[in-house]
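These notes concern the structure reproduced below.
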Amino acid sequence: MISTNQFKNGNHIEVDGTVFKIIEFQHVKPGKGGAFVRTKLKRTSDGNVIDKTFRAGEKFRAVRTEVKKMQFLYSDGGDAHFMDNETFDQLAVPMAKIEDDLGYVQPNTEVEALYIDSEFSGLQLSASVELAITETEPGVKGDTVSGGGNKQAVLETGKTIMVPLFLNVGDRVKIDTRSGEYMSRA
């Protein structure tokens, strides 16, 4: 069992039979009444984020999580195929379950697969990734860093993001995987 006093960002807990990941939490002790904990929880089954408040000291079942190193082989439209680096077993995961995460992963790269209670749950991505731009409108003369404005760019994984006007095809960019936003040139 895990108590609200032991919450950490990234922990997984089970609330009413559903597994959630703790995104953020805050202990609140009002002047009048009992202390409580405000949380932002992400449902692991579909990725929805909810706000929930718990009484201080409330206990939950801690969920057993495991991270396995796997290699992303390819996606065939319906499924994404991975290979376990230790046992060489292959795993096919429906694209709908991990579509957002695959926008940051190139084929034949190593990823961390998250297993919750021995069942595949999703991918654990690093906070940022570096990818090359394969398609974008050319920059117009006079566009500068301080000139402001953004344009769409397609990355080598096929994901589309907004980037500053001065970037061109072939430039490598650093992207925040949590928000999907451009951070800097690589």
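Each listed q (0.15 Å⁻¹) maps to a log10 I(q)/I(0) for the chain from the Debye sum over equal C-alpha point scatterers, namely -0.96. Going toward the positive end of the dipole of segment 65-124, with +1 on Lys and Arg Cβ and -1 on Asp and Glu Cβ, which of Tyr115, Gly103, Val93 do you reach last? With unit charges placed on the Cβ atoms, the residue in question is Gly103. Each Cα pair under 8 Å and six or more residues apart adds its sequence gap; the mean of these over the residue count of the chain is a relative contact order of 14 percent. Couplings 3J(HN,Hα) for segment 153-158, derived from phi with the Karplus relation 6.51 cos²θ - 1.76 cosθ + 1.60 (θ = phi - 60°), are 9, 9, 8, 5, 8, x Hz, where x marks Gly and Pro.
Each residue of segment 92-100 was assigned a 3J(HN,Hα) from its phi angle through the Karplus expression (A = 6.51, B = -1.76, C = 1.60, θ = phi - 60°), giving 9, 10, x, 4, 4, 6, 10, 4, 5 Hz with x at Gly and Pro. The relative contact order of segment 2-62, computed from alpha carbon pairs under 8 Å that lie at least 6 residues apart in sequence, is 36 percent. When His12, His81 are sorted by how many other C-beta atoms sit within 10 angstrom of their C-beta, beginning with the fewest, the order is His81, His12.
In this structure the amide hydrogen of Glu58, modeled in the peptide plane, comes within under 5 Å of the amide hydrogens of Thr4, none closer than 5 places in sequence on its chain.
On full extension, the segment bounded by Thr160 and Glu130 gains 9.4 nm, given 0.36 nm per residue less the C-alpha separation. Each distinct pair of alpha carbons in segment 9-48 adds a 1/r term; the inverse of their mean, the Kirkwood radius, is 11.2 Å. Charging the Cβ of each Asp and Glu at -1 and of each Lys and Arg at +1, and nothing else, the dipole of segment 61-186 about its Cα centre rounds to 480 debye.
A cut-off of 5 Å between modelled amide H atoms, ignoring neighbours fewer than 5 places along the same chain, links Phe166 with no other residue. For segment 34-46, 3J(HN,Hα) computed residue by residue from phi via the Karplus equation (6.51, -1.76, 1.60; θ = phi - 60°) reads x, 6, 8, 10, 8, 10, 10, 10, 10, 5, 6, 6, 10 Hz, glycine and proline entered as x.
Just so you know, all these numbers are worked out from the coordinates, no wet-lab data involved. Just so it is clear, the structure is predicted and the values come from calculations on it, not from any experiment. Positions of Cβ are generated from backbone atoms using ideal geometry, with glycine treated the same way; all protein chains shown enter the neighbour counts.
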